[in-house]
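Since every read-out is calculated from the coordinates, none of them should be taken as a lab result. Values in this document were obtained by computation on a predicted structure and should not be read as measured data. Note that we place each Cβ from the backbone using ideal geometry, even for glycine, and neighbour counts take in every protein chain shown.
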Amino acid sequence: MRSFSCRNCSSQLFFENSVCLTCGTGLGFSREERALVPVDGSGRYIDRAGLEWHVCRNLNLSGCTWLARLEGGQCMACDLTRTRPSDDDSAGLAQFPKAEAAKRHLLVELDARGFSTDGLVFDMLSSTSEDVTIGHAGGVITIDLAEADGARREQIREELGEPYRTMLGHLRHEVGHFMQLRLVTGGERLDRARQLFGDEREDYQAAVSRHYAQGPPAGWWTSYISSYATTHPFEDFAETFAHYLHISDTCETAAAQGLLSTTPPADGPFRDLVRQVWIPLSLALNQINRSMGKDDLYPFVIPEPVLDKLDFIARLAFDANATMQ
Ligand SMILES: [Zn+2]
Ligand SMILES: [Zn+2]
Ligand SMILES: [Zn+2]
């Protein structure tokens, strides 16, 4: 994530801020400018082209800080949420803002990497009130809002023996399924994907049942980023896509915060960024977390074959606009 500063007082801001904590100026996020911009007392911002923008109507409902075109309307980030907890579902509504905040973070980084979100929608459901399975199908990402609760999420993480589980991580994984569906559709690209991730025509349900019955294959860490990635070629792609976003976004944040002594190569292969910047940075961040008595920030090891997979996904970002038209 890039860094943001207040246009009124120059203080550093967090992406989630709706007000500058130093000078009290109201703020809104402009997707067009990729910036937090000041809004007036009635929540209005006029951009350089003279267009009028208004604070999204969901500011109080979901903490949305984005700007909408119409007064009393909602922003494009909120437009992507097809289903949300009903007005009488107080448990679901309490969990909703955390998931929406992670979703807005995801959208900003997809914009920054050049991935279109056309055709993507979200069902934000809570397993507190119904059965919910986190997943992706045909452009619809379903999120279990109950995982906005840290204790609940940590319990699932332990049960599944996962080293890492966050709301943002879920979104990055699920949007990986969407991107594979949209961008890896045929030709050489599909052939290469099959070489790297395996043949996605493999029976999915059988693969999932095998994974939960037998666990991952021995020595999986020499070819995969996580044990879950071994489940099926689709899951390997989605897991690797999530790591592409973890790494890109965290490197961008570190650069914006002045934490990098090496400049990431601008258009070299992604593996150069991983080797020269990400591995030393993530080791340092793990040490810092340990100094605070916390678990490692990045509890993963990236083997050589995963570098090939990451390179493939980074190429998709370069080619994305041409394919999406
Ligand atoms: Zn300020
Ligand atoms: Zn909104
Ligand atoms: Zn998946």
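Taking every DSSP beta bridge that has both residues in the chain, what percent is antiparallel when rounded to the nearest 5? Intermediate results must be reported in sequence, preceding the final value.
Details: 16 of 24 bridges.
Here the antiparallel bridges make up roughly 65 percent for the chain.
Please label the shape of region 1-97 as rounded, prolate or oblate, based on the square roots a ≥ b ≥ c of the eigenvalues of the alpha-carbon gyration tensor (a/c under 1.5 means rounded; beyond that, a/b larger than b/c means prolate, else oblate).
Taking the square roots of the gyration eigenvalues as a ≥ b ≥ c, region 1-97 is prolate.
Using Cα centres only, tell me the gap between region 116-131 and region 56-80 in whole Å.
A separation of 17 Å, based on Cα centres.
Quick check: the angle from helix 167-183's long axis to the longest principal axis of the chain, C-alpha only, nearest 10 degrees?
70
Would you look at the GNM of the chain, springs on alpha carbons closer than 10 Å, and say which of Gly50, Gly24, Gly73 moves the most?
Taking springs between Cα atoms under 10 Å, the residue moving most is Gly50.
Ranking Ile141, Ile134 by Cβ neighbours within 10 Å, fewest first, what do you get?
Ile134, Ile141
Please list 272-284, 96-108, 146-158 highest first by mean number of surrounding beta-carbon atoms within 10 Å per residue. Write down the numbers at each step before the final one.
Values: 272-284: 17.7, 96-108: 21.5, 146-158: 14.6.
Output ranking for 272-284, 96-108, 146-158: 96-108, 272-284, 146-158.
Where does region 80-183 land on Rg(C-alpha)/(2.2 N^0.38 Å)? Don't skip to the end; give the middle numbers.
Numbers: Rg = 13.5 Å, N = 104, 2.2 N^0.38 = 12.8 Å.
That works out to 1.05 for region 80-183.
Find how many whole Å separate the alpha carbon centroid of region 201-234 from the alpha carbon centroid of region 161-190.
About 15 Å separates the Cα centre of region 161-190 from the one of region 201-234.
What length, rounded to one decimal in nm, is gained on full extension from Asn289 through to Glu159, with 0.36 nm per residue of separation minus their alpha-carbon distance?
44.5 nm
Helix 304-324 sits at what angle to the longest principal axis of the chain, using alpha carbons and giving 0 to 90 degrees rounded to 10?
Approximately 50 degrees, to the nearest 10.
Select from Asp236, Asp249, Asp111 the residue whose mean-square fluctuation is largest in a Gaussian network model of the chain (Cα-Cα springs shorter than 10 Å).
Of Asp236, Asp249, Asp111, the most mobile in the Gaussian network model is Asp111.
Using Cα atoms only, what is the angle between the long axis of helix 279-291 and the major principal axis of the chain, expressed in degrees (0 to 90) to the nearest 10?
70
Distance in nm between label sites at Val140 and Ser86, each 7 Å beyond Cα in the beta-carbon direction?
Distance between label points: 1.7 nm.
What ranking, highest mean first, results for peptides 174-180, 206-212 when packing means the other Cβ atoms within 10 Å averaged over each residue?
Ranked from most to least packed, the peptides come out as 174-180, 206-212.
Which value in Å is the Kirkwood Rh of region 193-325 over different Cα pairs? Kindly include the intermediate steps, with their values, before the conclusion.
Working: mean 1/r = 0.0616 Å⁻¹.
One over the average 1/r among Cα pairs gives 16.2 Å for region 193-325.
Starting from the 7 Å offset along Cα-to-Cβ, what nm value, one decimal, do you get for the label separation of Cys23 and Glu202?
Here the answer is 5.6 nm between the modelled labels.
Restricting things to alpha carbons, tell me how big the chain is in terms of Rg and Dmax, in Å.
20.3, 61
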